[in-house]
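The values are calculated or read from the model by the stated rules, or taken from the named source; none is laboratory data. Values in this document were obtained by computation on a predicted structure and should not be read as measured data. With ideal geometry, Cβ positions are generated from the backbone for all residues, glycine too; neighbour counts draw on all protein chains shown. What goes into the accessible areas is simple: the full protein's heavy atoms, side chains included, and nothing from ligands, DNA or RNA. Shrake-Rupley method; radii C 1.70, N 1.55, O 1.52, S 1.80 Å.
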Amino acid sequence: QVQLVESGGGLVQPGGSLRLSCAASGIIFSNYAMGWYRQAPGKQRELVALITSSSTTRYRDSVKGRFTASRDNAKNTVYLQMNSLKPEDTAVYHCNANRGGITAWGQGTQVTVSS
């Protein structure tokens with residue numbers, strides 16, 4: 001059974017930083033592309049960052065230069081380092097594991113950027 005568990009969300013002031021983690025179990029983690037998505041109230045879920053099984057990364061334009069995705073295959077964990085946070089980054093952040101059409105989602109962690 002695939003399980004993804006996110007952690008690290010919280011309340012932070014504009015300009016602050018957070019590091020999200022997503023621990024995976026039930027899969028051969030190193031074989032999977034891992035994505036970070038977010039969903040703000042009233043909006044569709046959107047892809048924030050993707051890190052492939054070979055650790056190639058891609059980011060949506062609005063977070064380039066501020067967010068960094070990384071993975072530790074030994075710990076079955078993917079991370080999202082978020083710097084220079086803005087109020088518009090407020091959302092529930094979910095991680096996703098994907099390989100050959102097999103996909104799984106975590107329950108999400110709330111990130112709130114507010115003064």
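Observations on the model:
- Tally of residues being surrounded by fewer than 17 Cβ atoms within 10 Å (Cβ to Cβ) and either out of contact with any helix residue (DSSP H, G or I) (no Cβ under 7 Å at 6 or more places or on another chain) or hydrophobic (A, V, I, L, M, F, W, C) (or both) across region 106-115: 4
- Residue, surrounded by the most Cβ atoms within 10 Å (Cβ to Cβ), within region 46-63, restricted to residues that are in contact (Cβ under 8 Å) with a residue 24 or more places away in the chain and not in a strand (DSSP E or B): Val63
- Among the residues making up region 61-82, those that are over 13 Å from Ala49 (Cβ atoms) and not hydroxyl-bearing (Ser, Thr, Tyr) are Asp72, Asn73, Ala74, Lys75, Asn76.
- Scan of region 65-101 for residues that are exposed (fewer than 15 other Cβ atoms within 10 Å of the Cβ) and small (Gly, Ala, Ser), ordered by number: Gly65, Ala74, Ser84, Gly100, Gly101
- Selected residue (criterion: farthest from the chain's Cα centre (by Cα)) from residues of region 14-45 that are open to solvent by 60 Å² or more (accessible area, probe 1.4 Å) and under 17 Å from His94 (Cα atoms): Gly42
- Only residues that are of a type in the set (Gly, Ala, Ser), closer than 18 Å to Asn31 by Cβ and part of a strand (DSSP E or B) were counted in region 68-115, giving 4.
- In this structure, Gln44 does not satisfy being out of contact with any strand residue (DSSP E or B) (no Cβ under 6 Å at 6 or more places or on another chain) and farther than 20 Å from Trp105 by Cβ.
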